[in-house]
Structures are given as structure tokens and as C-alpha cells.
Amino acid sequence: MAGSAAVLEDGSLISRWDRQLLRLERLMALISGLAVFSLMVLAVVSVGGRNAFNAPLPGYVDWIEQVMPLIAFMGISFVQRDGSHIRMDLVISSLRGRALWLFELISVLLILALMLALLWGSWSHFLRSFDFAAPLWSRDSSIDIGLPIWPAKLLAPVAFAVLCLRLLLQVWGYGRALILGLARPAAVPLVQSAAEQAAAEAEHLGGVSTSASDRD
């Protein structure tokens, strides 16, 4: 299983694009986190209303259906960027140099092919639900309170499109490392050892402590 990873930044074009895309990915991850929080709020309101007033939140399940795509899809590109997805790396963990970058490039290309297929399929699924001429622009709706479903269906192709952009950047990064024989390329996740991870965490905590001391 993959360990913690770091993404190096420099002044190269790929690194600048990486940082620009990271801004969008962070925003989407924030929205996903807020969706988790809103789901907890909905649960409290529904359970509290049922216990206190015998009136649970109307359409509670419908709202969950709308929120779940936010939680499931919006953060996947952010996680792909720093290599936090769970994966088995028993083979590639022993590789170094161009052999490592070749295997990483092949794996990212396979993921990209899959995501392009999912992007096409999810967009087609959204189009079957969306209709300008229909009420609320929707050909289908939730069962309980009739919420239009197309906004939730649109989230999947949007998130998949951003992930495809991230994968294209990583194809560029791994291909560049393979051709140039780079030891530590920018804009791709580099797996850290336990010692490197501990050093990075200590540096981060040291920076937080220093900032707190400066404020005092």
C-alpha cells in the first residue's frame, strides 16, 4: 500500500500549471468537506425534529442523494495529486529511476483511459436527465419531495474532467522524468520513506510553533 507522498514545486511550466490546478482542487475538496458537515447538520435536524416535534426533516433521503456526489467525487483529483489514493505498490516500491517512471506512467495512462470512459458515460447520463423544456430543467426527480436530480448527476462529469486534467499533468510529469532521467521530477507524487515523512511532519509542526511564537 502506498505511503505518504510529496509533490515538488519549481519554476517549470508544468509546476506552474500544477499549482494553478491545485487551487481548483483545493476548492473542490473544501466543498466536499462542507458537504460532509451539511450531512451531519441534516441528520441532527431530522432526528431532533422527529424526537422533539414528531416531525422529521421532509425529504431527508432526497437531500442525502443530492449531497452524496459532492462527498464521493469532488475531492478525488486533490487526492490523486498528492498520491493519497490507496494502491498496492509491492513491485514499483523496489524500482528506481527510469524503470519507476515507466511503470508510473503506464499506470497513470491506464487510469486516464478509464476516467475518459467514465467521463463520457457520466456526461451522457447527465444529458438524459437534463432538459431545458422540462420543469426545473429536469426529466427526473427524487421520489419524496421531487428535487431535480440533474445537479447531482452533473457533479460526476465535472469532477472526472478535473481529474483527467490532473492525470494529463502527471502523464506529462512522468514522461518528462522518463525522457530526461530526472531523479525527483516536479508535479508528480513522490513516495516518502518513514524517515522523510517524520522529518516533513516535524518541519511542519516546527513552522506552526514558530508562527505561534511570532504572534505572541
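Key figures for this structure:
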| read-out | value |
| --- | --- |
| From the options Val108, Val47, residue that is surrounded by 15 or more Cβ atoms within 10 Å (Cβ to Cβ) and modelled with pLDDT of 85 or more | Val108 |
| Only listed residue being β-branched (Val, Ile, Thr) and touching a residue at least 12 places away in the same chain (Cβ under 8 Å), chosen from Ile111, Ile106 | Ile111 |
| Lone qualifier among Ser15, Ser46, Ser32 - being among the polar types (S, T, N, Q) and within 20 Å of Ala183 (Cα to Cα) | Ser15 |
| Candidate set from region 164-177 (those that are closer than 13 Å to Ser107 by Cβ and among the hydrophobic types (A, V, I, L, M, F, W, C)); member that is farthest from the chain's Cα centre (by Cα) | Val171 |
| Any hit, region 72-86, residues being within 28 Å of Asp144 (Cα to Cα) and surrounded by fewer than 16 Cβ atoms within 10 Å (Cβ to Cβ) | yes |
| Test: residue in region 89-102 that is open to solvent by less than 60 Å² (accessible area, probe 1.4 Å), without any contact (Cβ under 8 Å) to a residue 60 or more places away in the chain and assigned to a loop (DSSP other than H, G, I, E, B) | yes |
| Some residue of region 143-154 being in contact with a Gly (Cβ under 9 Å, 6 or more places away or on another chain) and surrounded by 17 or more Cβ atoms within 10 Å (Cβ to Cβ) | yes |
| Members of region 1-40 that are assigned to a helix (DSSP H, G or I), farther than 17 Å from Pro69 by Cα and open to solvent by 50 Å² or more (accessible area, probe 1.4 Å) | Leu13, Arg16, Trp17, Arg19, Gln20, Arg23, Leu24 |
| Scope region 184-199; condition within 22 Å of Tyr174 (Cα to Cα) and either modelled with pLDDT of 65 or more or touching a strand residue (DSSP E or B) at 6+ places or on another chain (Cβ under 7 Å) (or both); matching residues | Arg184, Pro185, Ala186, Ala187, Val188, Pro189, Leu190, Val191, Gln192 |
| In region 128-139, the residues that are open to solvent by 30 Å² or more (accessible area, probe 1.4 Å) and touching a helix residue (DSSP H, G or I) at 6+ places or on another chain (Cβ under 9 Å) | Arg128, Phe130, Asp131, Leu136, Trp137, Arg139 |
| Region 128-148 residues that are without any contact (Cβ under 8 Å) to a residue 12 or more places away in the chain and aliphatic (A, V, I, L, M), paired with ones that are surrounded by 13 or more Cβ atoms within 10 Å (Cβ to Cβ) and part of a loop (DSSP other than H, G, I, E, B) (beta carbon under 9 Å, 6 or more apart) | none |
| Meets criteria (buried (at least 17 other Cβ atoms within 10 Å of the Cβ), touching a strand residue (DSSP E or B) at 6+ places or on another chain (Cβ under 6 Å) and over 13 Å from Met74 (Cα atoms)) for Trp172 | no |
| Verdict on Trp63 being hydrophobic (A, V, I, L, M, F, W, C), surrounded by fewer than 18 Cβ atoms within 10 Å (Cβ to Cβ) and in contact (Cβ under 8 Å) with a residue 40 or more places away in the chain | no |
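The values are calculated or read from the model by the stated rules, or taken from the named source; none is laboratory data. These numbers come from a predicted model, not from an experiment. Cβ: placed from backbone, ideal geometry, glycine included. Neighbour counts: every protein chain shown. Quick note on the areas: whole protein, heavy atoms, side chains included, nothing else; ligands and nucleic acids left out. Shrake-Rupley method; radii C 1.70, N 1.55, O 1.52, S 1.80 Å.
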